[in-house]
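Before anything else, here's the structure in question.
Each value in this text was obtained by applying a stated rule to the coordinates, not by laboratory testing. Just so it is clear, the structure is predicted and the values come from calculations on it, not from any experiment. Here the Cβ positions follow ideal geometry from the backbone for every residue, glycine too, while neighbour counts run over all protein chains shown.
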Amino acid sequence: MRRLGAALAAVVITLLTAGPALAAEPVWERIPCSSGNLDTALLDRTKEGGDFLTLAGQLDCAEPKGVASFGYAIYQSAFAHGLVYESHLRPYATVGASPFADRKQVPAGPVDFGICVVTDYLVRIQCVRVVWDLLDAALDVRWLSTTDPLVDRTVRLVSSDWGPRPVCGTCW
């Protein structure tokens, strides 16, 4: 009888302390890379009315194994961390410098966010800020120091399970 009671107690304790199943943290394969340039940060408006941001440059790093990646972190003052979407990480070149060039639509309406080329949770290569300019009633892109309080924060890698789907044309 004691054994049965002990077994029942163990089952009840296990059931009461078991938490929800959590998805595994996404894995971001990284290499030490802290140099490069963001040569182009350009906003343009299409005749269809959408505003697009083009970022282009290169990282002075390569990764011969072809498994490490870098990305863009989005920073908004309302969030504690910058966000890097796992689904949008880019591979390094296997030799030489790693060029990049991306053009994506900026969400409509007044916006204010920072975006940095990042190679790690704390390594920002270069950054820009996209803001709604009240005087011009248009978007403006401005160079931003990597130590500016808007972007001087760690980033969080957002899993493909939670992150933007391919339909998110404004996600970096």
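Along the stretch 98-109, what does the Karplus equation 6.51 cos²θ - 1.76 cosθ + 1.60 (θ = phi - 60°) give for ³J(HN,Hα), rounded to whole Hz, x for Gly and Pro?
Running phi through 6.51 cos²θ - 1.76 cosθ + 1.60 with θ = phi - 60° gives 10, x, 8, 7, 9, 9, 9, 6, 8, x, 5, x Hz.
Taking K and R as +1 and D and E as -1, what net charge do the other residues with C-beta under 12 Å from the C-beta of L83 add up to?
+1
Distance between the C-alpha centers of the stretch 30-64 and the stretch 81-101? Whole Å please.
When both Cα centres are located, 10 Å separates them.
Ranked highest first by the average count of other Cβ atoms within 10 Å around their residues, in what order do 115-128, 31-44, 62-75 fall?
Put in order of decreasing packing, that is 115-128, 62-75, 31-44.
Next up: Between K47 and D60, what length comes free when the chain is fully extended (0.36 nm per residue of separation minus the Cα-Cα distance, one decimal in nm)?
Taking K47 through D60 to full extension adds about 1.1 nm, to one decimal.
Apply the Karplus curve 6.51 cos²θ - 1.76 cosθ + 1.60, θ = phi - 60°, to the phi angles in the stretch 137-151 and return the couplings in whole Hz, x for Gly and Pro.
Along the stretch 137-151, the couplings run 6, 8, 6, 9, 10, 10, 5, 9, 5, 5, 9, 4, x, 4, 10 Hz.
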